[in-house]
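Colleague: Can you keep this structure in mind? I'll have questions shortly.
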Amino acid sequence: MKTSIATVSLSGDLRQKLVAIENAGFDGIEIFEQDFIGFDLRPTDVRKMVADHGLEITLFQPFRDFEGLPQGPLRQRAFNRAKRKFELMCELGVDLMLVCSSVHPAALGGITRCADDFAELGDMASCFDIKVGYEALAWGRFIYDHRDAWEIVRRADHPNIGLILDSFHTLARKIDPDSIRSIPADKIAFVQLADAPAIDMDLLYWSRHFRNMPGEGDLNLDGFMDAVHATGYEGPISLEIFNDQFRRGNAEIVAKDGYRSLINLMDGIRKRTDCPAPHLPMLPDRAHLTGILYIEFACSETDASLLEAKLRQMGFTLAGHHKSKLVKRFQNNDVNILLNSDPAGRSFERVQKRGPVVSEIALTTNKAEAGYERATSLGAVPVAIPYQNGESAMPAVCGVASSLIRFADRQINVWEADFDAVPETPSTASPLKRFDHIAQTMSYDEMLSWSLFYTTIFAMHKSPMVDVIDPDGIIKSQIIRSDDRCVQLTLNGSDAFRTSANNFLAEGVGATVQHIAFQTDDAVALAMTMVSSGFDILPQTENYYADLAARFELSDEFTAQIQSLNILYDEDETGCFLHFYGLSFGNGLFFEFVQRMKNYTGFGAPNAPFRLAAQRRQTALCS
């Protein structure tokens, strides 16, 4: 199967779009009529330009309001328009045109009438050696179901007339995609794909503004493509994405995300059906994660000293010095934090100006090399790291804000190979159990891209996006987690100018980790020990604890205890949640400490506005 993308999916002019599409790895383009009309080259020159980028034009689109018109001038005008477009297509070198179902106010509808129109159009198209594909728009006046569009194509019974299937138009209408399975493959002219978030709104508005790449939304793209595959269709698979973010965003990033989403989707089909696909690389399975080996901070020597003091207050002890770099390892139970202040480090110059930043996250998996191979096959940028003899080689790709994501074999003993142990007595503080989650802050426009990155490379799934109320606007938040929750990420972004998320981006180094949460078995004991060690917990208001008493049946003694330690509380039908935060440091980084009781799997979302308000007060006090 060849890969294609509609030019309407990207920002820029036609030349800029072609560069992005070529660099992403696509085979072809659907040329959107407006992109061509607004471009300043003649059709034959556009044809050559497309070919010079190693691409082919797979489809010319759209041709609107053709079928079902009454006999007379309107109908004749439609055929005249079609003839002119066929002549243009011959100059462009494209042999397939998309005709979308009519919304013309004068259209009469009727399956037989429409079939007769297409039979006549097929005769005209055959004179130009062109084929026509008919697509049912979800908001078409009479034809809004691919089953009706197929019946029109079937009755037209013309070799130059076929059916175009679009996942959005089928799935937005909640039409069973299995109805596609009975359509002969040779009558399917083209397949277009688009995902979309589950939003209850007008179909036309939903389609024109909120489509996204396969895997970024909530539609059943797997079921749709399994049905298409069952027909034996082997033609192009193309993306047609109408999305306001994408049309104002970076065309290179959007195109690469699109290609990644297509390859991931096709790889899933192949694995479910043993479908041969010689045109595409055979990918390893999504990497199954087993945990987080370590998180590394890049920081200046001054910031490293401040962070070291904070880690010791949190119960960490110095466990080792790197054998060849200025990197220290701090350990609390199975939780490892590295402080890298090496002048040769990738982030050294940046952190001298901006303050500490999370520079590496090492994820453990049973098959590190296979995970790395899948990542790079899906467009992740590999990063070559120099190693000294005997040091552990962990392959790495570029993550958010040029940080590294390392793939570590579960059995690797990096601490023995790379570090000289330090005989320091372990802390007596309540131990941390593991990393609970990592919160990454980014611009809102980047959230779909990074969500797709994680869910296509790793065996992780995403939750629906939710709104978090900031004192100065709305922050969007989405959870990405492995099935067993051993690795959990929260992606946070905002378009609002003054939110804490945007302030963090403006003052820092771009999209990166803003906070790290650690899990403990006893939040109260941990907070007491940390406070006695000098750790400052983010203070909460008396009003918050008065509200807790009204919402939950907590004892007065327990409420007073968590209030004295500034611990927040949440519960749902599955269990309870205790958590507290440290004060922000650097450019807005902070730590969180959580205790999950029973089967609580949330993140204390109801408390997020109070945490944000408290952090705003802290910032005001420090300014």
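Colleague: Working only within segment 154-178, note down all residues that are touching a Phe, Trp or Tyr at 6+ places or on another chain (Cβ under 8 Å) and free of Cβ contacts under 8 Å to residues at least 40 places away in the same chain.
Modeller: Once the filter is applied, which keeps residues that are touching a Phe, Trp or Tyr at 6+ places or on another chain (Cβ under 8 Å) and free of Cβ contacts under 8 Å to residues at least 40 places away in the same chain, segment 154-178 yields Gly162, Leu163, His169, Arg173.
Colleague: Return the residue satisfying two criteria in turn: it lies in segment 445-468 and is in contact with a helix residue (DSSP H, G or I) (Cβ under 8 Å, 6 or more places away or on another chain) and among the hydroxyl-bearing types (Ser, Thr, Tyr), and of such residues it is surrounded by the fewest Cβ atoms within 10 Å (Cβ to Cβ).
Modeller: Ser449
Colleague: Scan segment 41-78 residue by residue and report those that are free of Cβ contacts under 8 Å to residues at least 24 places away in the same chain and of a type in the set (Asp, Glu).
Modeller: The answer is Asp45, Asp52.
Colleague: Only one of these is acidic (Asp, Glu) and crowded, with 18+ Cβ neighbours inside 10 Å: Asp420, Asp436. Name it.
Modeller: None of the others qualify; the one that does is Asp436.
Colleague: Let me ask you something else. So, in segment 208-252, how many residues would count as being under 16 Å from Thr7 (Cβ atoms) and of a type in the set (Val, Ile, Thr)?
Modeller: Residues in segment 208-252 being under 16 Å from Thr7 (Cβ atoms) and of a type in the set (Val, Ile, Thr): 1 in total.
Colleague: List the residue pairs whose Cβ atoms are under 8 Å apart, where the first residue sits in segment 478-495 and is of a type in the set (Gly, Ala, Ser), the second is in a loop (DSSP other than H, G, I, E, B), and the two are 6 or more positions apart or on different chains.
Modeller: Listed by first residue and then by second, the contacts come to Ser482/His288; Ser482/Ala459.
Colleague: Do you know which of the residues in segment 123-136 that are buried (at least 23 other Cβ atoms within 10 Å of the Cβ) and aliphatic (A, V, I, L, M) is nearest to Glu91 (Cα to Cα)?
Modeller: The qualifying residue nearest to Glu91 (Cα to Cα) is Ala125.
Colleague: Is there a residue in segment 427-440 that is aromatic (Phe, Trp, Tyr) and modelled with pLDDT of 95 or more?
Modeller: Yes: one or more hits.
Colleague: Here is a check on your reading of the model: is Asp218 buried (at least 23 other Cβ atoms within 10 Å of the Cβ), closer than 29 Å to Leu378 by Cα and not hydrophobic (A, V, I, L, M, F, W, C)?
Modeller: When the stated conditions are applied, Asp218 does not pass them.
Colleague: Sticking with this one: So Asn264 fits all but one of (1) crowded, with 18+ Cβ neighbours inside 10 Å; (2) farther than 25 Å from Ser377 by Cβ; what number is the exception?
Modeller: Going through (1) crowded, with 18+ Cβ neighbours inside 10 Å; (2) farther than 25 Å from Ser377 by Cβ one by one, Asn264 breaks only (2).
Colleague: Next up: Here are Ala560, Ala523: which of them is over 20 Å from Met314 (Cβ atoms) and at pLDDT 95 or above?
Modeller: Criteria check complete, one pass: Ala560.
Colleague: Any residue in segment 199-211 that is within 8 Å of Trp139 (Cβ to Cβ) sitting within a Cβ distance under 8 Å of a residue that is of a type in the set (Phe, Trp, Tyr) and assigned to a helix (DSSP H, G or I)? List the pairs, counting only those 6 or more apart or interchain.
Modeller: Ser207/Phe168
Colleague: Picking from Arg81, Arg113, Arg181, which residue would you name as being in contact (Cβ under 8 Å) with a residue 12 or more places away in the chain and surrounded by 16 or more Cβ atoms within 10 Å (Cβ to Cβ)?
Modeller: Arg113
Colleague: In segment 373-382, which residues are buried (at least 17 other Cβ atoms within 10 Å of the Cβ) and either in the same structural domain as Leu452 (by TED's automatic domain parsing) or among the hydrophobic types (A, V, I, L, M, F, W, C) (or both)?
Modeller: Hits for segment 373-382 are Ala375, Leu378, Ala380.
Colleague: For segment 476-495, enumerate the residues that are within 25 Å of Leu219 (Cβ to Cβ) and of a type in the set (A, V, I, L, M).
Modeller: Hits for segment 476-495 are Ile479, Ile480, Leu489, Leu491.
Colleague: Return the total of residues in segment 86-101 being over 32 Å from the mean Cα position of the chain (by Cα) and either buried (at least 23 other Cβ atoms within 10 Å of the Cβ) or over 18 Å from Ile188 (Cβ atoms) (or both).
Modeller: Qualifying residue count, segment 86-101: 9.
Colleague: Tell me whether segment 196-210 contains one or more residues that are charged (D, E, K, R) and in contact with a helix residue (DSSP H, G or I) (Cβ under 6 Å, 6 or more places away or on another chain).
Modeller: No - not one qualifying residue is present in segment 196-210.
The values are calculated or read from the model by the stated rules, or taken from the named source; none is laboratory data. Fair warning: this is a prediction, and the values are worked out from it, not measured in the lab. As a convention, Cβ positions derive from the backbone with ideal geometry for all residues, glycine included, and neighbour counts pool all protein chains shown.
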